[in-house]
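Colleague: Take a look at the following structure, please.
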Amino acid sequence: VLGGFLLFTGTAHFTSTEAFKAQVPPFLPWPEMIIQVSGVMELLLGLGLLFAPARYRSRVGWITAAFFVAIFPGNISQYLTGTSAFGLDTDSARATRLLFQPVLIALALWSTGAWAEFIAKRRLARPN
């Protein structure tokens with residue numbers, strides 16, 4: 001599901017560029033390039049989540065989680081600037097969206113087994 005979501009949103013970066021400008025902090029240069037690069041990243045991550053061999057799935061999960069962390073400042077910027085896009089036309093809607101970013105991070109780690117693998121490796125590394 002997360003892979004399909006990323007393929008959908010990655011594609012939208014190239015069809016709804018204006019809406020994505022709401023998430024690029026105003027102090028960053030070249031917003032169009034940032035939108036395109038992040039769109040390509042979302043497409044690659046979506047494909048990775050859907051088709052990566054099992055031995056790479058955990059890595060894809062960590063990279064996807066890191067991507068969600070990296071784009072979080074854009075969501076914060078949209079809230080702070082009060083910019084409307086994607087139906088987020090109130091401060092409460094934009095604030096609610098901020099709460100979903102940790103959910104996406106957790107979903108990336110859970111759905112790929114990355115978190116479970118991390119915990120298992122920690123348990124093995126502990127001296128008895």
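Colleague: Given the conditions (1) open to solvent by 70 Å² or more (accessible area, probe 1.4 Å); (2) under 17 Å from the mean Cα position of the chain (by Cα), which single one is not true for T15?
Modeller: So the condition that T15 fails would be (2).
Residues are listed down the side, and each one gets a yes or a no for (1) in contact with a strand residue (DSSP E or B) (Cβ under 7 Å, 6 or more places away or on another chain); (2) at pLDDT 95 or above; (3) part of a helix (DSSP H, G or I); (4) of a type in the set (S, T, Y):
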{"site": "L80", "(1), (2), (3), (4)": "no, no, yes, no"}
{"site": "T83", "(1), (2), (3), (4)": "no, no, no, yes"}
{"site": "A93", "(1), (2), (3), (4)": "no, no, yes, no"}
{"site": "I105", "(1), (2), (3), (4)": "no, yes, yes, no"}
{"site": "W110", "(1), (2), (3), (4)": "no, yes, yes, no"}
{"site": "A116", "(1), (2), (3), (4)": "no, no, yes, no"}
{"site": "R122", "(1), (2), (3), (4)": "no, no, yes, no"}
{"site": "N128", "(1), (2), (3), (4)": "no, no, no, no"}
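Colleague: If you check F100, F27, which single one turns out to be of a type in the set (F, W, Y), in a loop (DSSP other than H, G, I, E, B) and surrounded by fewer than 16 Cβ atoms within 10 Å (Cβ to Cβ)? Give the derivation first.
Modeller: Details: F100 fails: in a loop (DSSP other than H, G, I, E, B).
Residue meeting the stated conditions: F27.
Colleague: Report every pair of residues separated by at least 6 positions or lying on different chains whose Cβ atoms are under 7 Å apart, first residue within the range 2-26 and closer than 12 Å to S38 by Cβ and in contact (Cβ under 8 Å) with a residue 24 or more places away in the chain, second surrounded by 14 or more Cβ atoms within 10 Å (Cβ to Cβ) and of a type in the set (D, E, K, R).
Modeller: The qualifying pairs are L6/E42; T9/E42; G10/E42; H13/E42.
Colleague: Identify the residue in the range 52-64 that is in contact with a helix residue (DSSP H, G or I) (Cβ under 8 Å, 6 or more places away or on another chain) and over 13 Å from E117 (Cβ atoms) and, among all such residues, is most open to solvent (accessible area, probe 1.4 Å). Break it down stepwise before answering.
Modeller: Within the range 52-64, the subset in contact with a helix residue (DSSP H, G or I) (Cβ under 8 Å, 6 or more places away or on another chain) is 52, 56-64.
Among the residues that remain, those that are also over 13 Å from E117 (Cβ atoms) are: 52, 63-64.
Working: A52: 13, I63: 95, T64: 0 Å².
Taking the candidates together, the pick is I63.
The values are calculated or read from the model by the stated rules, or taken from the named source; none is laboratory data. Note that the coordinates shown come from a computational prediction; the quantities given were computed from them, not determined experimentally. Reconstructed Cβ throughout: ideal geometry from the backbone, glycine too, with neighbour counts over all protein chains shown. Ligands, DNA and RNA are stripped out before the accessible areas are found, and what is left, the full protein with its side chains, is counted by its heavy atoms. Shrake-Rupley method; radii C 1.70, N 1.55, O 1.52, S 1.80 Å.
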